[in-house]
């Protein structure tokens, strides 16, 4: 089934203990759609400036990604620069230039409006709402990401869009901030009252946790010897997760668990190289092999 | 098969967001032996002062724990006081009074010297060595815990005892400090060169990771709504882990994985109440049920 993603397409300058790159293609919607396209067809909605070239768009070609919804506006593309420490969790933002993204108003092409699965990447909750308003009928699955900025500054707007959200995909710090609860299970119960009935908590190197009424599922982070660049890990996770769900006929607990694993697989590939370098080269056979690695990593018999 | 533990028996004064207790029985060897005794017979070696009463010793009665090696010396028992924050990882030590533990010289009763499985809890590496020297023959399995204090102050002595250690059971910060490597897989390779061929990394609420030449196994922390008191979680984990191994005829990868799960089960019970309150009441049927919960928490099909 079709999958829509609305979010940022950006240029990132990245510095990690393994090197640095200047103005490499990034952004939540980019990582998400590349990761998801291994599982299903993806419709992308975002905005770029006139510094975004045909060469930049190459990443989407030959994949199941429709960029009809990628608006090109006069001006510059969203730019982010950051530096990571030896501990990938230590991140310093060096520059954030919203540029065209500051005035982004998502506008869905007609053919995107019947999408059944929607991922609202981390943008202004008011814009996330406007996306849902453009969807025809009731989507099967709406998943949403957000961040501390919106949790603090637009809590009412965020709560409003959360009422229409099935799956909230956020990190542990955001979970605690949104619920005002340190304990993640209590936090989940709090969030279920706001709207989403499934909470997926991204925990970086520690993996991810899913809490829903069918129980709790935990998947570890994939042990890697070198994390070259943590950028995009969460969005690649979301892409694998939603891509797998969109491709599945039914959304059962077993399917959600597998979606968590494929999300983790895509996140683990994303961080192996800078920017999208690894994801753009990964093969479906490697994805399957890594999923089996996750199986080996976690399975036991009693 | 028999299991020997050498380590601290202590009184702890504990303060957490869930309450406080004064001078409750604790210490690594206490948590370890109570947890391990659900799986095998345990021989305990430690020291207490004359403030340690028959009532304190009650915890060991009716369990498979032989305290013939628990020396009673004139003076006071090791005392520790600490406070935990809402985040259980935020720990403040309020008092450490080594008392009799400062001059502790482990002396194994004759009947303990043929023990085949040995757990050297966190004490001076020189004393850990002296324990091994008192063992007759070659033990099947030597596991060891240590801490930043010994890693920093007695590195040569620690390396010496690690040569004779099969399983190193430490937390992630200690792993990084010992190996001078942030990445845990590289840290493991470094540690394998020193001696231990199996590294078990305790990660608190994030669970535990085992690395050995047979591969990597990850078990999550058990999601609990309330962590009343994190004290003793790591030692209870080690107790469940070593207890299960000691009770197993062979040490295969499958057995080690189950040992990791039973270690996690015991650690998860330990933190549910203050001190040993929960561990002393837990039933074998509850242990089995929680192991099945761990199974449900982690299993998926591809």
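As a proxy for reagent exposure, ranking B:87, B:235 by other Cβ atoms within 10 Å from fewest up yields B:87, B:235. With both residues required to sit in the protein assembly as shown, DSSP beta bridges show an antiparallel share near 40%.
Would you compute, from DSSP H runs of 4+ residues alone, the mean residue ellipticity of the protein assembly as shown at 222 nm, taking -39500 (n - 2.57) per run and dividing by the full residue count, rounded to the nearest 500? Working shown, then result.
Numbers: 20 runs with 206 residues, N = 604.
Per the formula, -10000 deg cm²/dmol.
For residue A:281, the label point sits 7 Å beyond Cα toward Cβ; its separations from the matching points on the remaining copies run 5.8 nm, from shortest to longest.
Can you pull the mean other chain C-beta count within 10 Å for peptide B:290-300? If you can, show how the numbers build up before the last one.
Values: counts 0, 2, 1, 2, 3, 4, 4, 7, 10, 7, 16.
That works out to 5 on average.
Exposure proxy ranking for A:83, A:153, based on other Cβ atoms within 10 angstrom of each Cβ and starting from the fewest, stands as A:153, A:83.
Calculated FRET efficiency, residue B:61 and residue B:197, Cβ-Cβ r, R0 41 Å, to nearest 0.05?
Numbers: r = 37 Å, r/R0 = 0.90.
Rounded to the nearest 0.05, the efficiency is 0.65.
Most tightly packed first, judged by the mean number of other beta-carbon atoms within 10 Å of their residues, the peptides A:127-135, B:166-174, B:265-273 read B:265-273, B:166-174, A:127-135. Here the convex hull built on the C-alpha positions of the protein assembly as shown has a volume of 146 cubic angstrom per residue.
Sorted from closest to farthest, the other copies place their residue A:255 label points 4.3 nm away, with each point set 7 Å from Cα along Cα→Cβ.
Taken as Cα centroids, segment A:211-283 and segment A:1-71 sit 17 Å apart, rounded to the nearest whole angstrom. Counting Cβ atoms of other protein chains within 10 Å of each Cβ in A:203-212 and taking the mean gives 2. Using DSSP, restrict attention to beta bridges with both residues in segment B:152-248 and report what percent are antiparallel, rounded to the nearest 5. Counting only bridges with both partners in segment B:152-248, antiparallel ones make up about 65 percent. Legend: mean number of C-beta atoms from other chains within 10 angstrom of residue C-beta atoms, peptide A:185-198, equals 1. Spin-label pair residue B:299-residue A:133: with each label point 7 Å from Cα along the Cα-Cβ axis, the two points sit 4.8 nm from one another. Copy-to-copy label distances for residue A:75, where each label lies 7 Å from Cα along Cα-to-Cβ, are 7.3 nm in order of increasing length.
Values in this text are rule-based calculations from the coordinates and carry no lab data. The structure presented is a predicted model; accordingly, all values stated were derived computationally and were not measured. Note: ideal-geometry Cβ built from the backbone for every residue, glycine included; neighbour counts use all protein chains shown.
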